[in-house]
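> Before anything else, here's the structure in question.
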Amino acid sequence: MSKTRKFIQATACLTVLGLVGWGGYELVRPAYEGGAGIAYGSAFAPVRNGNVDFHIWYPATPGGKAVTIGGNGVFHGTAAGRGAPHRTGRFPAIMISHGAGGNAGQFGWIAAQLAEAGFVVLLPNHSGTTSGNASAEAAVRVWERPADVSAVLDEIASNAKDYPFIDNDRIAILGFSAGGYTAMAVSGARVDPERLQRFCDGTDHGMSDCAFLAMFGIDLHSLDLATAAQDLRDPRIKAAVVVDPGIVTTLTDQSLSEISIPMKIINLGDEDLVPEGVYARAAAEKIAKADYEIVTDATHFSFLADCKPRGASILQSEGELDRLCDDAGGRSRADIHRELEDLIVSYFKKTL
């Protein structure tokens, strides 16, 4: 027998053994006892000429298999029920938009709380600004992210029989950082392209965004950013919670004054320490139905999932520019999350 054939046979045996092992693991995986189910979907996004994948968290009853969503060497994941039975009824939906370089799995901590409180949660992975699939060129095309949100909502509305548990008349959005801009854009905020071109002139706004662009040779002044000015409002969005919104200083005063839905805007950290690039009090004051709130003793990255003990050292070894695992030091990230959970869940219960 040739060495090649022996190798193929050995590989096939190992593959079969691996599949048997995986199947055995699935059989003994414990049943889920909580109230947050997990599923997955895909929506065609015209702006990308391709599909956007999204997570679906939903109100569930115990059952299905217990799985962990979003965990890796840096971040803790969140327990959910794959195949858990749907709770009876139709529920309001919350879209969650992650920050640049983030992903849908990082927000299981808040998605699970919302699902248990009676909301369906939809979390798209924004291609080009997602973990493992991020580029400086894509980060500048800010208009693609709001279009992703609308694409997912189109998928839900066009295939209502596949999503009978979603009340399409009660939809809101929660966004963090670049996702905060996304939430404001689908609520009616519009970018001034000239402000966006000047965004990195003489300042880094206390963030790493401009350093990231410079690292890859992106000069905002050399780009045609006129497309960023378009109106990306989606009338299906009835309320919003915005946390540390990115490029908030580029949004036009007129568009902010025309936002008509209820909006809670949250900055993380003592007010004099909030990075200029996401400081949103002035924007909130221009929005008729906006509430502004400061969550003290936190940092911009306190909205991410809780880090594992070796998370910070792993990120440092990988050359990460931001200190994603650092909080302000006065309390744990878990404590900060509990405060945010109360604010966010109670606001959506009040406005939807």
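> Just checking, how many residues over region 197-212 are in contact with a helix residue (DSSP H, G or I) (Cβ under 9 Å, 6 or more places away or on another chain), modelled with pLDDT under 90 and open to solvent by 40 Å² or more (accessible area, probe 1.4 Å)?
Looking only at that region, the number is 5.
> Are there any pairs with C-beta distances below 8 angstrom linking a residue in region 176-199 that is basic (Lys, Arg) to a residue that is open to solvent by less than 20 Å² (accessible area, probe 1.4 Å), with the two at least 6 apart or on different chains, and if so which?
As it stands, the answer is ARG190/LEU251; ARG190/SER255; ARG195/THR250; ARG198/LEU220, since those pairs meet every condition given.
> Further, regarding this structure: Here are the criteria: (1) among the aliphatic types (A, V, I, L, M); (2) over 10 Å from the mean Cα position of the chain (by Cα); (3) assigned to a strand (DSSP E or B). Tell me which single one LEU123 does not satisfy.
Only one criterion in (1) among the aliphatic types (A, V, I, L, M); (2) over 10 Å from the mean Cα position of the chain (by Cα); (3) assigned to a strand (DSSP E or B) is unmet by LEU123, namely (2).
> Just the residues that are open to solvent by 20 Å² or more (accessible area, probe 1.4 Å), of a type outside the set (A, V, I, L, M) and in a loop (DSSP other than H, G, I, E, B), please, taken from region 102-119.
ASN103 - this is the single residue of region 102-119 that is open to solvent by 20 Å² or more (accessible area, probe 1.4 Å), of a type outside the set (A, V, I, L, M) and in a loop (DSSP other than H, G, I, E, B).
> Return yes or no: is THR182 among the polar types (S, T, N, Q), open to solvent by less than 20 Å² (accessible area, probe 1.4 Å) and not in a strand (DSSP E or B)? Write out each step before concluding.
Details: among the polar types (S, T, N, Q): yes; open to solvent by less than 20 Å² (accessible area, probe 1.4 Å): yes; not in a strand (DSSP E or B): yes.
Spelling it out, THR182 is indeed among the polar types (S, T, N, Q), open to solvent by less than 20 Å² (accessible area, probe 1.4 Å) and not in a strand (DSSP E or B).
> Still on this structure, please answer the following. Inside region 238-260, can you point out the residues that are in contact with a Lys or Arg (Cβ under 6 Å, 6 or more places away or on another chain) and in a loop (DSSP other than H, G, I, E, B)?
Within region 238-260, just THR252 meets the criteria.
> Can you name the residue in region 216-237 that is outside any loop (DSSP other than H, G, I, E, B) and out of contact with any helix residue (DSSP H, G or I) (no Cβ under 7 Å at 6 or more places or on another chain) and, of all such residues, is least open to solvent (accessible area, probe 1.4 Å)? Spell out the reasoning first.
Just the residues of region 216-237 that are outside any loop (DSSP other than H, G, I, E, B), to begin with: 220-222, 226-229, 237.
From the residues that got through so far, the ones that are out of contact with any helix residue (DSSP H, G or I) (no Cβ under 7 Å at 6 or more places or on another chain) too are 222, 227.
Values: SER222: 85, THR227: 66 Å².
Per the criteria, the residue is THR227.
> If a residue must be in contact with a helix residue (DSSP H, G or I) (Cβ under 6 Å, 6 or more places away or on another chain) and assigned to a strand (DSSP E or B), how many such residues does region 25-57 contain?
7
> Kindly list the number of the only condition in (1) modelled with pLDDT of 95 or more; (2) in contact with an Asp or Glu (Cβ under 8 Å, 6 or more places away or on another chain) that fails for HIS55.
(2)
> Just the residues that are open to solvent by less than 30 Å² (accessible area, probe 1.4 Å) and touching a Leu at 6+ places or on another chain (Cβ under 7 Å), please, taken from region 149-170. Break it down into steps so the answer makes sense when it comes.
Residues of region 149-170 that are open to solvent by less than 30 Å² (accessible area, probe 1.4 Å), as a first pass: 149-153, 156, 163, 165-167.
Passing the criteria: only VAL152.
> Same structure, new question: Just to verify a result, which residue in region 67-95, among those that are open to solvent by 30 Å² or more (accessible area, probe 1.4 Å) and not in a loop (DSSP other than H, G, I, E, B), is farthest from VAL120 (Cα to Cα)?
The residue in question is THR68.
The values are calculated or read from the model by the stated rules, or taken from the named source; none is laboratory data. This is a predicted model, so every value here is computed, not measured. A quick note on method: Cβ atoms are made from the backbone with ideal geometry, for glycine too, and the neighbour counts reach across all protein chains shown. Each accessible area value is taken on the protein alone, full model and side chains, heavy atoms only, with ligands, DNA and RNA left out. Shrake-Rupley method; radii C 1.70, N 1.55, O 1.52, S 1.80 Å.
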